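Okay, structure first, notes after.
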Amino acid sequence: MTNPSADDARPATAGRASAPDSDQPPQAQETQQVQAPAIADQAGAQEANGADGADGSQPLLSLVDVGKNFGPVRALSDITLDIPPGQVTAIVGDNGAGKSTLIKTISGIWHQDHGEIRWQGRPVHLHTPKDATDLGIATVYQDLALADNLDIVANMFLGQELVRHWQLDEIAMEKTAKQTLADLSVVTIRSIRQPVGSLSGGQRQAVAVAKAVMRQAKLVILDEPTAALGVTQTRVVLDLIGRLKSQGIAVIVISHNLVDVQSVADRIAVLRLGRMVAVGPKSQFDAESIVDLMTIGTTRRLVGEPAEPSRPAGQSSGSSSEH
Amino acid sequence: MSTEVEEPPSEATDADEVASETAAVAAPDVLADSLGEYAKLWVVRVRSGDSGFLPVLLGLVAIVIYFQVRNSLFLSAGNLVNLMTQAAWIVLLGMGEVFVLLLGEIDLSIGYTSAIGATFTCWLLVPPNPWPWPIAVLVGLAVPAIFGGLEGVIITRLRLPSFVVTLAGQLLAIGLLLEVMDFAAPGSGGTIRLYNNVLLDIEGGAMSPLAGWIVMAVSVALAGATFIIRDQRRRASNLAAPPASVTALKIVLMAIAGVVVVLIGNTNRGVAVAVRGVPWVVPLILVIVVAYSFLLGRTRSGRYFYAIGGNAEAARRAGINLSRIRVAAFALAGLTAGIMGIVYASYLGSVSTNVPGGQNVLLAVAAAVIGGVSLFGGRGKMLGAVLGGVVVAVIYNGLELLGLGAAPQYMWTAAVLLAAVIVDATARRGRSTT
């Protein structure tokens, strides 16, 4: 499954929404493309890299057959996923699908029980959040972890304060913070010396993201960044994600909001009951197929094609019996 | 620069309101370009509930006017100097309490641990073979500091509420105080006199009038220079700095306060012989306030006090060692209690097992909260404990001057404390709903 075919292919599903010029043969190709990661699941890392190294470049982060158990509960099974640099990957899934477990594994909060995580092709072991941070993985959790009583600069440098002559180097910190926010085009904040508690939801998210970016993150993981936000604030955050991408930073967005996912993601990965049921460029999905994948693990639009019926579903049941 | 610097209004609020809210919460220092604008922003900010030292200053003025009307001796030089020495130990204990309050904790034991420390100090200074006083002082500071540190270790290691642990610490301290006193001065009726003149002079002695002026002038000059240099460095780095007029106003106000204190101290308050000068305890407290404010405001560890009090989870994720800061807070509270114990012994001329340690510690918490230190952690300044301590001292001093007994003193303090807590909680709720 090579890249040109993926770009040329226009699935019927996406075609209805955005590309009316699509025709039958690409649909067949498309179906196979969507299933490629599922095949790679079984076949292993080599093929996964081959299939997902979208433009031939090395993926920034690869998960290969990653599994995580909590006692008898299998939270993640055989997750294989490549995160390409400079792209936005959305991870969607219903409650309990394993989204949080997945990002916590990537951020070093939990170590996987099976499989391998590779960073720029190199196998890595993320045992603590610091391991992940040191690689350049920054995670912005839903609760943002900001101290409301501290100002923006203090929050951005929390735990990493610059010190000069035994004193906090406020001037250097403020300059850096200001520059970082400016690079992200966060212009709505009047003074970066105001306490974070006084900011709007979108601004708080922006501060949390800026804090992550300031530490030279190569991959920023956003957990439900728009969950608590109104329409305007959501716009602010989505724009922010776009700017991260334009700076060459890879972004993983966890979201329930399919509209946001559709508008911001380059690639979509659908999780269901701890398994990756589909991964592919955004163009391969529409809202309906995502919902189908999230809820029943397969979608009529894809599996109904004559070429390769019900491969994802078969794949799922096959691998669950392995363990 | 775009003109759309305001954030877009959230649902159901019009743009004006949002604008004023945004302005309200930011420090006027960094937004205003002129004195007028500064004043305007400050008023908006006060209205929004984030009023800084304003309520305590207004309250202080009101209480002072009340007492002055009731008894014209209240504002006499003699009484005001008396007030300074009374306020000193409340202020000190309040400053100790600030460290733990900032973390959202409380320390109920420092009223008695201070007495234990002072007992050691006084004991070591008893003739005929007194130790050098600096060593006696060090012991008197170390004992309560270690006691506090151990409480901190228990609280962090076993994850127990500080309220209970320090309440147990208070009871333990009362017992230890009796034991130590019994060992140090058996058959003395539970009292040791303070024999050292240097320490007695903290509360009882005064600087010469000239020394008072010099200390005041140097302090104001140093503080003013610090402000001006800081502003200039910010401007040089293209960062927002308070307008020069505001800084000038601050320095002038500081100078006025200093001149007033020195004038009061240097007025003759003696009856038969002339007694003049600012009590030594005033510069002592000044030094401690500056040192503690530097620690909290300008150092990394100080920043962590606020971070932990504001959001312990965020601090933990930022890699901050929470236990270390918590233990340090209780040790610092103990250390400050040690200073207070010696000042208190200097005030009374002796140390006794009858010290009202439980009452003192509550006055200290009251002082800190009245001065704007939040009981919920994360908010407050050392200077707040000073202002709050002065308020408490004024109430006690004034009611005593009116010839009223203990009953109204307690009730007044209760009313003021309750008012301060209500202001604290309301402001907090106001912040969390916006």
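Some notes on this structure:
- Candidates B:Gly334, B:Gly319 - the one that is surrounded by 24 or more Cβ atoms within 10 Å (Cβ to Cβ) and touching a helix residue (DSSP H, G or I) at 6+ places or on another chain (Cβ under 8 Å): B:Gly334
- The set of residues in segment B:123-137 that are surrounded by fewer than 16 Cβ atoms within 10 Å (Cβ to Cβ) and not in a loop (DSSP other than H, G, I, E, B) comprises B:Pro134, B:Ile135.
- For the residues B:Val153, B:Val143, B:Val180, the requirement of being assigned to a helix (DSSP H, G or I), surrounded by fewer than 24 Cβ atoms within 10 Å (Cβ to Cβ) and at pLDDT 95 or above singles out B:Val153.
- Qualifying residue in segment A:61-69 (condition: at pLDDT 50 or above and more than 25 Å from A:Ile296 (Cα to Cα)): yes
- Some residue of segment B:326-345 being among the basic types (Lys, Arg) and at pLDDT 90 or above: yes
- Evaluation of B:Ala312 against (1) within 14 Å of chain A (Cβ to nearest Cβ); (2) among the small types (Gly, Ala, Ser); (3) buried (at least 22 other Cβ atoms within 10 Å of the Cβ) (one fails), failing number: (3)
- Subset of segment B:85-110 that is among the small types (Gly, Ala, Ser) and under 16 Å from B:Gly152 (Cα atoms) - its residue that is surrounded by the most Cβ atoms within 10 Å (Cβ to Cβ): B:Gly96
- Some residue of segment B:187-195 being hydrophobic (A, V, I, L, M, F, W, C), closer than 19 Å to B:Met340 by Cα and not in a helix (DSSP H, G or I): yes
- The residue that is surrounded by the most Cβ atoms within 10 Å (Cβ to Cβ), counting only those in segment B:242-275 that are under 21 Å from A:Ile171 (Cα atoms) and within 27 Å of the chain's Cα centre (by Cα), is B:Pro242.
- Strands (runs of 3 or more DSSP E) wholly inside segment A:83-186 that include at least 1 residues being surrounded by fewer than 19 Cβ atoms within 10 Å (Cβ to Cβ), more than 22 Å from the chain's Cα centre (by Cα) and at the interface with chain B (Cβ under 10 Å from one of its Cβ atoms): none
- Count of segment B:399-420 residues which are aliphatic (A, V, I, L, M) and under 18 Å from B:Leu80 (Cα atoms): 3
- Scanning segment A:205-243 for residues that are small (Gly, Ala, Ser) and either in a strand (DSSP E or B) or within 19 Å of A:Trp119 (Cβ to Cβ) (or both) yields A:Ala212, A:Ala217.
- B:Gly378 farther than 17 Å from B:Val61 by Cα and either modelled with pLDDT of 90 or more or in contact with a Ser or Thr (Cβ under 9 Å, 6 or more places away or on another chain) (or both): yes
- Residues in segment B:297-308 that are more than 7 Å from chain A (Cβ to nearest Cβ) and touching a residue at least 40 places away in the same chain (Cβ under 8 Å) were compared, and the one that is surrounded by the most Cβ atoms within 10 Å (Cβ to Cβ) is B:Phe305.
- Among (1) charged (D, E, K, R); (2) farther than 30 Å from B:Val351 by Cβ; (3) touching a helix residue (DSSP H, G or I) at 6+ places or on another chain (Cβ under 9 Å), the one test that B:Arg193 misses: (2)
- So A:Ala210, is it under 19 Å from A:Ile137 (Cβ atoms) and in contact with a helix residue (DSSP H, G or I) (Cβ under 6 Å, 6 or more places away or on another chain): yes
- Residue check, B:Ser208 closer than 16 Å to B:Val259 by Cα, in contact (Cβ under 8 Å) with a residue 60 or more places away in the chain and surrounded by fewer than 17 Cβ atoms within 10 Å (Cβ to Cβ): yes
The values are calculated or read from the model by the stated rules, or taken from the named source; none is laboratory data. Values in this document were obtained by computation on a predicted structure and should not be read as measured data. Every residue, glycine as well, gets a Cβ built from its backbone with ideal geometry; the counts of neighbours run over all protein chains shown.
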